[in-house]
Amino acid sequence: MEKWCKEWHTLTFYQKFEQVVAWILTFTIALIILISLYDLLLQTFLILFKLRLNPLEHKVFQTLFGMFMTVLIALEFKHSILKVTVHKEGIVQVKTVVLIALLALTRKFIILDFKGEPALKIFALAFSVLALGIIYWLLREQAFRYKED
């Protein structure tokens with residue numbers, strides 16, 4: 001805490017502003033994660049024990065894992081904002097945004113009913129995953145080259 005207080009005084013006004021906003025966003029997202037986690041646990045309990053549905057049934061699986069992925073996406077989003085407050089990184093980390101987009105698309109594929117969706121939509125989603133994967137790889141390669149120099 002003492003180190004943080006010393007560092008706080010060295011920040012510019014705008015850096016302090018970014019830090020305060022990042023802490024508020026972190027708190028808000030943490031609250032959303034807690035509410036989502038509560039709902040996830042409640043829904044899981046209802047599905048498995050009260051309604052006695054089979055978790056391997058496709059629709060049940062989609063529902064449960066869609067909810068799991070939503071919580072994971074929120075956690076990753078909170079983590080990326082928390083990095084700003086702890087490591088004093090810039091507010092926008094493109095690599096993290098791409099990673100969160102990949103997680104969101106993965107969630108979409110998990111909950112997607114392939115039988116009811118047009119092939120063009122599935123192709124577009126798959127192409128988006130491929131494009132974001134290439135972008136993520138390029139960003140990672142650029143970071144490795146930057147560290148070597």
Candidate lysines for bridging to K50, where Cα separation is under 25 Å - those fewer than 8 sequence places away on the same chain excluded: K59
Environment charge at I32 (Cβ cut-off 15 Å; Lys +1, Arg +1, Asp -1, Glu -1): -1
Reduced Cα scattering model of the chain, Debye log10 I(q)/I(0), q = 0.12 Å⁻¹: -0.72
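Take the solvent-accessible surface of the protein heavy atoms, probe 1.4 Å, and return the percent of it on the chain that carbon and sulfur atoms account for. Walk me through the numbers before you get to the answer.
Details: 7790 of 10870 Å².
It is 72 percent, rounded to a whole number.
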Extension gain, I122 back to K6 (0.36 nm per residue minus Cα-Cα distance, nm): 36.6 nm
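How many Å² of accessible area per residue for the chain, probe 1.4 Å?
On the way: 10870 Å² over 149 residues.
On a per-residue basis, the chain sits at 73 Å².
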Tail fraction, Cα-Cα pairs, segment 26-73, threshold 11 Å, whole percent: 67 percent
Cross-link reach list, lysines versus K95, counting only Cα pairs under 22 Å and skipping chain neighbours closer than eight places: K78, K83, K108, K147
Spin-label pair T28/V94, simplified geometry with 7 Å Cα→Cβ offset, distance in nm: 2.6 nm
Environment charge of F109, counting only residues whose C-beta is closer than 13 Å and scoring Lys/Arg +1, Asp/Glu -1: +1
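The values are calculated or read from the model by the stated rules, or taken from the named source; none is laboratory data. A quick note: this is a predicted structure, and the numbers were derived from the prediction, not measured. Glycine also receives a Cβ, built like all others from the backbone with ideal geometry; neighbour counts cover every protein chain displayed. Accessible surface areas use protein heavy atoms only, side chains included; no ligands, DNA or RNA. Shrake-Rupley method; radii C 1.70, N 1.55, O 1.52, S 1.80 Å.
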